[in-house]
Amino acid sequence: MISIIRIFLFITIFLLAGCTKNEFRLEFDIDDKLNANYKISYYASDKRGGIMIESVAPIANGKASVKGITRNPALVYVFNNSSEPAAVIYVERGETVMITGSGSNPAQWTVGGNEINAEWSKWRNSNAEIIASGKPAEINKAVEKFVDSHTSDPLSTLLMLTSFSRRDNEQLFLDLWRKLDKNARDVKWIELAARAEQTEPYAIAPGPLRSMALRSLHNGVDTIRPSSAKGTLLFFWNSGQSSRKEAIDSLRKLAKEYPDSASRIIADICLEADSISWKSPLRSDSLKNVARMWVPAGMSDRRMMTLGVKRSPFFIVTNRKGDQKYRGSEISEAFSAFRTIVKSDTVKAGR
C-alpha cells in the first residue's frame, strides 16, 4: 500500500508541475496475431529524485499504447517470461516511441524514436537467439564484439550495463570498460543504467588480498598471509546454499591434492552473522587441512568490500603478491587458476 501511495504522489507531483512534457509514450504495432501482456519497468526521475515504476503493456491484436512519466531520460525494460529483460528502450520526455515487428520475442522487434534505439534494435535483432538463450557467456561475447568496434559509442556503455553479465566474467568487463573513450563513459549514461557496482566513469578492479586476521574454528583467530603461500584460494559462502556441498567436496579433494598446508592457503569463509549458522555445517563435512573461517559482518566488512566480495558462493584465487587472478562462482575455473599459480610459483622457486 505504501508503494502504491508513493507512486501516486510521485505522478501527481509530475502532473502538477507541468505537464505533459514529463511524459513519454510507447506505441506497439506488432503483427495482429499477438495477444500477450509484457511487464515493463523503468526509473522515473527528476532533479529531486525518482522511483522505480512497473507496468504492463497489454498487447491485443498486435496493438498497445503505454504512457510513462519521467522528466529525465530513462531506460524502459521489457520482459518476456524471464527475470532478464528481452529488450531495453531508451526514452526521453515528450517522445513517442514506435515499436514494430512480428513474433512474440521483443528482441526481434524494431524500436524507433531516436538513434540509440535504432542502433540497439539492430544489435538485438542480430543476436535475438543468443538473448533468448539466456546464456551469460554467449551474451557477453555478443556485447564484446560490439564494444570492440564501437569504443566511442554510448550504446557500448549501455550494453555493458544492461546486458553484460559482470558476475560471469568480471575481468572481461574491466578490460572492455577500459577500452571505452570518455564520451562513451560520460556519467549521464552510467547514471541512466543505475548499476550499483559501476557508478563511476572509471572501472576499478577489486583490491589485492592483504594479510588479514579472521575468526577461526580451531584457533580462535588465524591470519591469512598470501606472501607465505604459493597460491591462495578463498571460498565464501552462506548457509542454506545447495551448491555448498559440491564446493566442500571439491575443496576436500583439492586439499588432498596439495597436502602441504604450509605452502598454500585454502580457506572457506562463512559470511553469516550468526555463529551457529557458521559452525553447524562444519560438524558434518569433515574438511581437513582447510582453514575454517568466519566474517560475521559479511559483505559489509571493510575487507570484503576491498576484495570485491558482493555475493556468495564466490571464489577468489590469488598469487603470492595477493593479486586476484580469478574471482567468480565457477569451481572448475577457480581450481584451474589455483593449480596454475602454484605450478608457476614452484617453477620460479626452482630456478
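Observations on the model:
- For K310, distant residues with modelled amide H under 5 Å away: none
- Within the accessible area of segment 88-161, the carbon and sulfur atoms contribute 49%, probe 1.4 Å, all protein chains present.
- Shape analysis of segment 237-351 based on the Cα gyration tensor places the equivalent ellipsoid semi-axes at 24, 17, 12 Å, largest first.
- In summary, the lysines within cross-link reach of K230, defined as a Cα separation below 22 angstrom excluding same-chain residues under 8 places away, comprise K253, K256, K288, K321, K325, K343, K348.
- Kirkwood hydrodynamic radius over Cα pairs of segment 158-279, then Stokes diffusion coefficient at 25 °C and 0.890 mPa s, in µm²/s: 139 µm²/s
- Hydrodynamic radius of the chain per Kirkwood, over alpha carbon pairs, in Å: 23.1 Å
- Candidate lysines - alpha carbon under 28 Å from K47, same-chain residues fewer than 8 apart omitted: K21, K39, K67, K182, K188
- Cα gyration tensor shape for segment 94-240, rounded if a/c is under 1.5, else prolate or oblate: prolate
- Within a straight-line Cα-Cα reach of under 17 Å, K141 can be paired with the following lysines, leaving aside sequence neighbours fewer than 8 residues apart in one chain: K122, K179.
- Cα extents for segment 47-149 along the principal axes, largest to smallest and rounded to whole angstrom: 37, 36, 25.
- Two-site FRET efficiency, L217 against R178, from Cβ-Cβ distance with R₀ of 41 Å, rounded to 0.05: 0.50
- If R0 equals 51 Å, the separation of the Cβ atoms of S336 and D46 corresponds to a calculated FRET efficiency of about 0.55.
- Gyration tensor (alpha-carbon) shape descriptor, segment 108-184, a/c threshold 1.5: oblate
- Close amide H contacts of G68 (hydrogens built in the peptide plane, cut-off under 5 Å, sequence separation of 5 or more or a different chain): F24, R25, L26.
- Per the Debye formula on identical point scatterers at the alpha carbon atoms of segment 215-269, with no solvent, log10 I(q)/I(0) at q = 0.27 Å⁻¹ is -1.22.
- The sum of -39500 (n - 2.57) across all DSSP H runs of n ≥ 4, divided by the residue count of the chain, sets its helix-only mean residue ellipticity at 222 nm to -11000 deg cm²/dmol.
- With contacts taken as Cα pairs under 8 Å at a separation of at least 6 residues, the chain carries a relative contact order of 11 percent.
- On the basis of the beta-carbon distance and an R0 of 22 Å, S83 and E246 show a calculated FRET efficiency of 0.40.
- In the calculated pair-distance distribution of segment 83-132, the portion above 18 angstrom amounts to 24 percent of the Cα-Cα pairs.
The values are calculated or read from the model by the stated rules, or taken from the named source; none is laboratory data. The structure presented is a predicted model; accordingly, all values stated were derived computationally and were not measured. Virtual Cβ from ideal backbone geometry, glycine too; neighbours counted across all protein chains shown. Surface areas here come from the heavy atoms of the whole protein model, side chains and all, with no ligands, DNA or RNA. Shrake-Rupley method; radii C 1.70, N 1.55, O 1.52, S 1.80 Å.
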